[in-house]
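Here is the structure we will look at.
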Amino acid sequence: MNDFDRHSRVDKFEKRRKNTKSISVLMIAGSLLVVVLLGIWIFGGGDDEEAPETQQTTEENNSTNETDNNETTESDEQNTDSNDSNSSDSEEQGTDENNQEETNTDTEENESQSSDDVQTEQVEPTGENVSEAYTGNWEPIGTEQEGPHTTNYDDGSQDRQEISRAVEVATGLDADTMTTHWVGNGGDQKVEATVSNEAQTEIYRVYLSWVENEGWQPTKVEVLNEVQVNR
């Protein structure tokens, strides 16, 4: 064997050994790459799966909190509305009670003035149609009018309303059944009113005088036999 053949075999052996080594290195590198990819897929995939679950849980918690907040807000609004309603009802009830108390006070005053402690005195009748006449110590009925007074005889006027109340006190007629037949001038700041009950079994002519800032005051009552608006 010559030197050329020997060197040729040595070169081939070296080349084959180098090729085998390279293949081994590549296989090892490939195996490591596969392991790394598997690790990334396994652990990375787990995180990706947990993320939506965590996000879903967070969204559910937020939704629950929003629902609770909305329910709390609605409950607060309902409580506020209820309190406002109760307050409004209480105010209305208080107003009604005050109005009722004022009405009761007016009624009590009228009843007090028309009770037996009003002292009356019989006087001489002034005509054939008068069966009985008497004066009394009635108090002025009270008034809402202020300043200089001029009597207004129109139906529904403040004077007519206050005159009716004074007549009710002096005669004892019921306001709901009393019929007013005539109201007219009886002199300076004085009026005369002819009234009766519905059946006209009780007929009266009432004389009233105006007391400044205190209202109309009955001064005399005549019991009539029949309705007569002009004497």
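Details
- Every pair of residues 6+ apart whose Cβ atoms lie under 9 Å, when the first sits in the stretch 152-181 and is over 18 Å from E222 (Cβ atoms) and touching a residue at least 12 places away in the same chain (Cβ under 8 Å) while the second is aliphatic (A, V, I, L, M) and surrounded by fewer than 20 Cβ atoms within 10 Å (Cβ to Cβ): R165/A175; T177/A199
- Options E212, E202, E128: the member that is surrounded by 14 or more Cβ atoms within 10 Å (Cβ to Cβ) and of a type in the set (D, E): E202
- Looking across the stretch 194-225, just one residue is part of a strand (DSSP E or B), over 18 Å from N129 (Cα atoms) and free of Cβ contacts under 8 Å to residues at least 24 places away in the same chain, and that is S209.
- Among the residues here, A199 does not qualify as small (G, A, S), within 28 Å of E124 (Cα to Cα) and in contact with a Leu (Cβ under 6 Å, 6 or more places away or on another chain).
- Set side by side, the residues E192, E222 differ, and just one is open to solvent by less than 30 Å² (accessible area, probe 1.4 Å), more than 18 Å from N137 (Cβ to Cβ) and acidic (D, E), which is E192.
- Some residue of the stretch 137-144 being open to solvent by less than 60 Å² (accessible area, probe 1.4 Å), closer than 16 Å to K220 by Cβ, under 41 Å from the mean Cα position of the chain (by Cα) and not charged (D, E, K, R): yes
- Test: residue in the stretch 159-178 that is modelled with pLDDT under 95, in a loop (DSSP other than H, G, I, E, B) and farther than 18 Å from E202 by Cβ: no
The values are calculated or read from the model by the stated rules, or taken from the named source; none is laboratory data. Treat the numbers as computed from the prediction; the structure is a model and nothing was measured. When we count neighbours, we look across all protein chains shown, and the Cβ atoms used for this are built from the backbone with ideal geometry, even at glycine. Please note that ligands, DNA and RNA were not included when accessible areas were found on the heavy atoms of the full protein model with its side chains. Shrake-Rupley method; radii C 1.70, N 1.55, O 1.52, S 1.80 Å.
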